[in-house]
Amino acid sequence: MKPNIVFLDEYSICGRDMTSVKELGNYTAYDNTLPEQVVERCTDADIVISNKVVLDAEKLKQLPRLRLICVAATGMNNVDLEAAASLGIEVRNAVGYSTYSVAETTICSALSLLREVVYYDRYFKSGEYSASGRMFCFDRPTAQIRGKNWGIIGLGNIGREVARLATAFGCDVRYFSTSGTTRKEDYPAVGLDELLGWADILSIHCPLNGRTRNLIGRNELDKMKRSAIIINVARGGIIDEQALAEALDADKIRGAALDVFTSEPTNPDSPLLKIVDPCKLLASPHNAWSTVEAIDRLIGCVANNIREYLNNL
């Protein structure tokens, strides 16, 4: 008998082809699922797929038929893993599917901030360039990546790919391990304070946990160069957003690029929406990972996880 497979937030795969998953069971998909809808929609499910819909202990206890949760992402903080294990529910995630996409977004963010892309795009589209009477505009000095010090927080798969790309651009790379684990790497490991004072470009690629929540706050931002930029494509909550907004307004750092936020979507009263000079902030709605190539790899990971689970029954 084919298993019942329920995808709780299928909108997260952007309409890509789910055939490889559908052929493995009786497939039901919901565009998105509210917390109060989870139990009802999963009652008959043997396998549940979720990108960000929360599956906590209270909900899992009401789903005695559930045997496999496939997280359609790498991070599994939306699932109570301890509760799942105690209930005999296997949890599998998708590893490595977005490494290249997130790394490319990181490089793109650094280039955009250093070349003042947001400002000059607005300058052109506002009609200011047409009205200026001048061929060139030097309102905001730009900078190149080559020769910069690139600091990386978290040298996992994505951090390592960013390091490789940054090196290809001619950067000097160093990193800080949030776990404290030391390995043989091609790049020197340094303490956080040293990295903050050294880096021209600082990018974050670590998980959100007890060690990394608010890892970058006022004190840490004060230690950075005024000409430095910071990029977070990891998880919201690693940077104190109020402290970051204040640092940008006070010219303590040159700019920031964020793809993740403490609250997603962001709250209307977020300090990030009130920055005096909005061109200092490059922001995107948690989609650094979502190239079509990465999404197709993600779907392949989910299908493989289900297939392996079924083969082991």
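The values are calculated or read from the model by the stated rules, or taken from the named source; none is laboratory data. This one's a predicted model, so the numbers in the text were calculated from it and none came from an experiment. Note: ideal-geometry Cβ built from the backbone for every residue, glycine included; neighbour counts use all protein chains shown. Surface accessibility is based on the protein's heavy atoms, side chains included, excluding ligands, DNA and RNA. Shrake-Rupley method; radii C 1.70, N 1.55, O 1.52, S 1.80 Å.
Structure data summary
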| read-out | value |
| --- | --- |
| Rounded percent of accessible protein surface that carbon and sulfur make up, the chain, 1.4 Å probe | 50 |
| CD proxy at 222 nm, helix term only [per DSSP H run n ≥ 4: -39500 (n - 2.57); per residue of the chain; nearest 500] | -9000 deg cm²/dmol |
| Label assignment, Cα Rg over 2.2 N^0.38 Å derived from the structure, set (1) 0.96; (2) 1.02; (3) 1.12 | (3) |
| Residues LEU81 and SER263, FRET efficiency given R0 of 22 Å [Cβ-Cβ distance, rounded to 0.05] | 0.45 |
| Descending semi-axes in Å of the range 34-87, equivalent ellipsoid built from Cα gyration tensor | 15, 13, 11 |
| Viscosity 1.306 mPa s, 10 °C: Kirkwood-radius Stokes-Einstein D of the range 81-198 over Cα pairs, µm²/s | 91 |
| Net charge dipole size for the chain [Lys, Arg +1 and Asp, Glu -1 on Cβ; Debye, nearest 20] | 680 |
| Additional length obtainable on full extension of the chain from ASP193 to CYS108, 0.36 nm per residue less Cα span | 28.0 nm |
| Cα gyration tensor shape for the range 1-70, rounded if a/c is under 1.5, else prolate or oblate | oblate |
| Alpha-carbon Rg/Rh ratio, for the range 172-313, with Rh computed the Kirkwood way | 1.05 |
| Dipole-positive endmost among TYR97, ALA110, PHE124 within the range 89-136 (Cβ charges, Cα centre) | PHE124 |
| Cα centroid of the range 193-262 to Cα centroid of the range 1-80, whole Å | 34 |
| Modelled FRET efficiency - R0 41 Å, SER227 with LEU273, Cβ distances, 0.05 increments | 0.95 |
| Radius of gyration, Dmax [the range 223-262; alpha carbons; angstrom] | 9.7, 25 |
| For the range 180-262: rounded, prolate or oblate by the Cα gyration tensor [a/c cutoff 1.5] | oblate |
| Solvent-accessible area per residue for the chain (1.4 angstrom probe, square angstrom) | 50 |
